[in-house]
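Undergrad: If you scroll down you'll find the structure; I have some questions about it.
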């Protein structure tokens, strides 16, 4: 009796991995075993970095708000505290966008925050 080999499914599985490994150097894109290791590691990094991306962007927004607040003569924490006291419910993403695009509007927000002190 001939040996049963799961050729069709195995070939499909290998193709799927090799397609994901496309663009890697040398055997990492050509050989199944090394390609599989590369893809698994890459997917681990992708999962981790989808979470890190949120941290990195929040830090960037805070840096931008802080720089704009310093131009207006106050630091980040007093600026944010003043906005909270005045019930201004803008998130850091939109505040950073205002700081980068429309400095006059940001100065009005800073004046509002200063008034709460």
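Rule-based calculations on the coordinates, nothing more; no lab input. Only a predicted model underlies this, so the values are computations on that prediction, with no experimental measurement involved. Reconstructed Cβ throughout: ideal geometry from the backbone, glycine too, with neighbour counts over all protein chains shown.
Undergrad: From 114, 85, 93, grab the single residue that is in contact with a helix residue (DSSP H, G or I) (Cβ under 9 Å, 6 or more places away or on another chain) and in contact (Cβ under 8 Å) with a residue 40 or more places away in the chain. Step through it out loud before you land on a result.
TA: Details: 85 fails: in contact (Cβ under 8 Å) with a residue 40 or more places away in the chain; 93 fails: in contact (Cβ under 8 Å) with a residue 40 or more places away in the chain.
Just one listed residue meets the conditions, 114.
Undergrad: When segment 98-108 is examined, which residues are found to be under 25 Å from residue 54 (Cα atoms) and either assigned to a loop (DSSP other than H, G, I, E, B) or over 27 Å from the mean Cα position of the chain (by Cα) (or both)?
TA: Within segment 98-108, 102 is the sole residue that qualifies.
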